1. Which is among the β-branched types (V, I, T), out of contact with any Gly (no Cβ under 7 Å at 6 or more places or on another chain) and open to solvent by 10 Å² or more (accessible area, probe 1.4 Å), of V47, V59?
Amino acid sequence: MLEVLLPEAVPLWGAVALILFSYVTSAVTVAFGLGGGVMMLVAIGSVLPPLAVIPVHGVVQLGSNAGRAYLMRQHLERRLFGFFVLGAVVGAAIAAQLVIAVPQAALQAVLALFILYTVWGPKLGKHKVPAPGFAAVGLATTFATMFVGATGPLLAAFLPPDRYGKMTTVATHSACMTMQHGVKIVAFGILGFAFTEWVPLIAAMIATGFLGTATGKKVLERLPERVFAIGFKTVLTLLAARLLWVGASDLTALF
């Protein structure tokens, strides 16, 4: 019965897994500040067709970040956000001209490599950027998100807590990511992605994501950080390796 609410390409078990996983990833983001978006991206990429991964992930993350941004709106650094918005619009417009020409298999491979770098690559240093410079940050990160989706860690490199404070950092990061996912969704809508058939699944994932935001911190606080870190890297690595294998196989088949 529930299958009628899902796109044909999504099995029931996959939809249930994503809905439950949305709770977990929101809890991870609340407890550790980052990481949930990348985890959600890997999960979605393992279940959904390649062309649906970035748009659907964008809507789910829009809901998650918007809730956090609203609750912390009094701490938002508005000048940074304003410049970021200007750049984000330009970045999405440029990337929209290119993303439709990239083969699905190549998108999977790029996504997998990005995730592996996020997990195992050298961490980005914290960069102090003046407010006008956030126009360039918005352009670059939004351009990147059209292809790889989860650019939260990239944006975080330009919002060091030791400069802005914890509350302002989280509030501004959430607001910028909300805007970034918003313009990305608009861009994919203009390109013809049919969001309508995905509404039931997305709505359920956003709902469990809010529950994860509200209650997940208490659960994760009891989990030893070292145990979590090992499990987090292991799961992401295995899932990214699967995406890379599938993408590479499909690319090989083209030649």
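1. V59
Residue-by-condition table, conditions (1) surrounded by 14 or more Cβ atoms within 10 Å (Cβ to Cβ); (2) modelled with pLDDT of 90 or more; (3) closer than 13 Å to A187 by Cβ:
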{"residue": "N65", "(1), (2), (3)": "yes, no, no"}
{"residue": "A69", "(1), (2), (3)": "yes, no, no"}
{"residue": "R79", "(1), (2), (3)": "no, yes, no"}
{"residue": "F83", "(1), (2), (3)": "yes, yes, no"}
{"residue": "Q97", "(1), (2), (3)": "no, no, yes"}
{"residue": "L107", "(1), (2), (3)": "yes, no, no"}
{"residue": "V110", "(1), (2), (3)": "yes, no, no"}
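The values are calculated or read from the model by the stated rules, or taken from the named source; none is laboratory data. Worth saying up front: this structure is predicted, and the values here are computed from it rather than measured. Please note: Cβ atoms are built from the backbone with ideal geometry, for glycine as well, and neighbour counts cover all protein chains shown. Accessible surface areas use protein heavy atoms only, side chains included; no ligands, DNA or RNA. Shrake-Rupley method; radii C 1.70, N 1.55, O 1.52, S 1.80 Å.
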